[in-house]
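Presented below is the structure to which this report refers.
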Amino acid sequence: MNWIGETFTSDVGWGHLERLVDIGNRMAGSPGEHEALTATRDALDTLGARNAHVEDFGIQGWIRGSSRIETADGVVDCIALPRSPAGTVEAPLVDCGDGLPDDFADADLEGAVALVSAGVPDYYDRFIHRREKYYRAVEAGAVGFVFRNHASGCLAPTGSVGTDADPLGPVPAVGVSREVGARLARRHAGDTVTVGVDCETPRAESGVVRADIGPDTDRAIYLTSHVDAHDIAEGAVDNAAGTATVVEIARTLLDRDAALDRRVRIVCFGAEEVGLQGSKREADLIDPDDIQAVVNCDGVCRGRTLQYYTHGFDALTAAVERVADRFDHPASVRPTQHPHSDHWPFVARGVPAVLVSSDDGDRGRGWGHTRADTLDKLERRTLREGAILLTALVDDLASTDRMPRRDPDDIAADLDAQDLAAGMRATGDWPFSTE
């Protein structure tokens with residue numbers, strides 16, 4: 001149990017967190033993202049992980065320029081959503097409220113600009129991703145998209161649009177704060193507004209960090225995170241904290257190397273924020289039978305209670321509950337599907353994968369995807385505590401003989417039953433042959 005005390009006094013993970021946030025812009029395909037990938041490789045190499053390296057791959061780049069909304073009252077503050085195309089539209093503004101499916105069905109969006117909240121009301125039984133709202137608006141005829149924050153604080157939200165087939169979205173898209181959105185809805189719904197985005201879209205390079213820990217077994221536990229972040233903030237919660245937690249877990253596992261029953265492969269992805277491009281590529285390259293399980297850290301450190309999406313894999317749920325019982329620590333376990341982070345390309349192939357984030361009582365992203373996603377929101381204690389719990393989880397999964405797989409058709413059926421399939425089809429993210 002010495003490793004627990006050592007983790008509670010270690011600054012390896014926190015030091016890497018500070019290293020990443022101090023880079024600045026870590027947008028996918030940017031020099032900052034490459035610096036973050038290299039820094040993560042170097043941190044793992046210094047700890048003693050085997051064959052730590054970065055492998056580059058090409059992506060559709062996106063470089064922020066300027067954006068604007070013009071009304072009869074003047075110019076409104078906004079920011080472009082990544083992978084928005086460049087262009088300007090002039091059209092009536094239509095308030096689509098929370099952006100539920102019925103909101104788009106009831107609105108007359110043909111040739112209009114859709115104004116849509118980032119939030120989902122408490123009574124609604126599932127989260128609706130930004131991209132689903134965007135493509136439902138486009139399908140209904142919208143020629144522009146304004147995404148308004150649901151949280152107070154004069155913070156415009158960001159987040160990408162686009163699909164695998166068409167990385168740049170079809171219509172200009174911008175984000176505005178809750179306060180600006182409320183004013184637009186109150187004063188300008190039905191009025192003609194101008195929405196413009198000026199950006200550059202060159203080809204670019206992202207990458208993935210890989211390293212190994214433990215015995216050289218055929219099957220491995222994949223311990224993953226993403227290093228990229230939106231260019232408007234430090235990306236502390238999303239997702240420097242996830243990568244820093246992975247580095248801290250790596251330190252602990254390396255100190256306990258002889259105790260591991262199975263190889264742990266660390267994989268830190270680039271280009272998560274623009275369509276999970278790093279993890280989709282990785283999942284395509286790997287034989288699913290070579291993976292024991294995936295533990296993906298994305299959004300950890302936001303709160304002390306870790307939240308685990310286990311995707312209907314009963315053995316994963318049991319492992320999480322064993323760790324929670326062992327440490328007498330609360331855990332928020334959700335056995336439902338969550339197709340919005342780097343674990344998902346593996347889940348879609350039937351591979352056991354758990355998404356680890358934080359349960360802080362907020363259904364939304366909190367400070368994530370805004371300028372306020374900064375280091376001062378996080379605490380060393382929370383990172384260390386999470387690293388202890390996740391080290392124990394990785395160790396538990398590594399000691400299991402073989403994790404049962406799921407048939408992808410059963411996962412597709414789950415998505416239908418949980419009302420997620422229609423949204424994934426709308427965004428071009430449906431990965432199954434079944435309709």
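The values are calculated or read from the model by the stated rules, or taken from the named source; none is laboratory data. Predicted, not measured: the structure shown is a model, and the values here were computed from it. Please note: Cβ atoms are built from the backbone with ideal geometry, for glycine as well, and neighbour counts cover all protein chains shown. SASA here: full protein model, heavy atoms, side chains in, ligands and nucleic acids out. Shrake-Rupley method; radii C 1.70, N 1.55, O 1.52, S 1.80 Å.
With the requirement that a residue be surrounded by fewer than 24 Cβ atoms within 10 Å (Cβ to Cβ) and in contact with a Pro (Cβ under 6 Å, 6 or more places away or on another chain), what does region 284-309 give you?
Thr305 - this is the single residue of region 284-309 that is surrounded by fewer than 24 Cβ atoms within 10 Å (Cβ to Cβ) and in contact with a Pro (Cβ under 6 Å, 6 or more places away or on another chain).
For the condition at pLDDT 95 or above, crowded, with 24+ Cβ neighbours inside 10 Å, of a type in the set (Lys, Arg) and under 18 Å from Thr158 (Cβ atoms), what is the one hit in Arg83, Arg68?
Just a single option satisfies the conditions, and that option is Arg83.
Scan region 242-280 for residues that are among the aliphatic types (A, V, I, L, M), outside any loop (DSSP other than H, G, I, E, B) and either in contact with a strand residue (DSSP E or B) (Cβ under 8 Å, 6 or more places away or on another chain) or surrounded by fewer than 24 Cβ atoms within 10 Å (Cβ to Cβ) (or both) and jot them down.
Val246, Ile249, Ala250, Leu253, Leu254, Ala258, Ala259, Val264, Ile266, Val267, listed by residue number.
Which of the residues that make up region 332-353 are of a type in the set (Val, Ile, Thr) and either in contact with a His (Cβ under 7 Å, 6 or more places away or on another chain) or at positive phi (or both)?
Correct list: Val347 only.
Evaluate the following for Gly144: is it modelled with pLDDT of 95 or more, surrounded by 15 or more Cβ atoms within 10 Å (Cβ to Cβ) and touching a Phe, Trp or Tyr at 6+ places or on another chain (Cβ under 6 Å)?
Numbers: modelled with pLDDT of 95 or more: yes; surrounded by 15 or more Cβ atoms within 10 Å (Cβ to Cβ): yes; touching a Phe, Trp or Tyr at 6+ places or on another chain (Cβ under 6 Å): no.
No, not satisfied.
Just checking, which of Thr370, Thr374 is of a type outside the set (Asp, Glu), open to solvent by less than 10 Å² (accessible area, probe 1.4 Å), assigned by the TED database to the domain that holds Val246 and within 19 Å of Val237 (Cβ to Cβ)?
Thr370 is the lone residue from the list that is of a type outside the set (Asp, Glu), open to solvent by less than 10 Å² (accessible area, probe 1.4 Å), assigned by the TED database to the domain that holds Val246 and within 19 Å of Val237 (Cβ to Cβ).
I need every pair where a residue in region 332-351 that is at pLDDT 95 or above and open to solvent by 10 Å² or more (accessible area, probe 1.4 Å) has its Cβ under 8 Å from the Cβ of a residue that is of a type in the set (Ser, Thr, Tyr) and part of a loop (DSSP other than H, G, I, E, B), sequence separation at least 6 or different chains.
These pairs meet every condition: Ser332/Thr305; Val333/Thr310; Arg334/Thr310; Pro335/Thr310.
Taking Tyr123 and the conditions (1) modelled with pLDDT of 95 or more; (2) farther than 29 Å from Ser225 by Cβ; (3) assigned to a loop (DSSP other than H, G, I, E, B); (4) not charged (D, E, K, R), which numbered condition does it fall short on, given that it satisfies the others?
Tyr123 satisfies all of (1) modelled with pLDDT of 95 or more; (2) farther than 29 Å from Ser225 by Cβ; (3) assigned to a loop (DSSP other than H, G, I, E, B); (4) not charged (D, E, K, R) except (1).
Exactly one of (1) surrounded by fewer than 16 Cβ atoms within 10 Å (Cβ to Cβ); (2) touching a helix residue (DSSP H, G or I) at 6+ places or on another chain (Cβ under 7 Å); (3) of a type in the set (A, V, I, L, M) is unmet by Val116. Its number?
(1)
All but one of (1) open to solvent by 20 Å² or more (accessible area, probe 1.4 Å); (2) more than 30 Å from Thr46 (Cβ to Cβ) hold for Pro215; state the number of the condition that does not hold.
(2)
Of Arg402, Arg406, Arg384, Arg425, which residue is in contact with a Phe, Trp or Tyr (Cβ under 6 Å, 6 or more places away or on another chain), open to solvent by 20 Å² or more (accessible area, probe 1.4 Å) and either assigned to a loop (DSSP other than H, G, I, E, B) or not assigned by the TED database to the domain that holds Ala105 (or both)?
Arg384 is the lone residue from the list that is in contact with a Phe, Trp or Tyr (Cβ under 6 Å, 6 or more places away or on another chain), open to solvent by 20 Å² or more (accessible area, probe 1.4 Å) and either assigned to a loop (DSSP other than H, G, I, E, B) or not assigned by the TED database to the domain that holds Ala105 (or both).
Here are the criteria: (1) within 20 Å of the chain's Cα centre (by Cα); (2) under 19 Å from Pro82 (Cα atoms); (3) among the β-branched types (Val, Ile, Thr). Tell me which single one Thr201 does not satisfy.
All conditions pass for Thr201, except number (1).
Exactly one of these conditions fails for Gly364: (1) modelled with pLDDT of 95 or more; (2) open to solvent by less than 40 Å² (accessible area, probe 1.4 Å). Give me its number.
For Gly364, the exception is condition (1).
From the set of residues in region 1-23 that are among the aliphatic types (A, V, I, L, M) and under 17 Å from Leu389 (Cα atoms), which is surrounded by the fewest Cβ atoms within 10 Å (Cβ to Cβ)?
Among those residues, the one meeting the criterion is Met1.
With (1) under 30 Å from Phe145 (Cα atoms); (2) open to solvent by less than 60 Å² (accessible area, probe 1.4 Å); (3) in a strand (DSSP E or B) as the list, and Arg26 as the residue in question, which single condition is left unmet?
Condition (3) is where Arg26 drops out.
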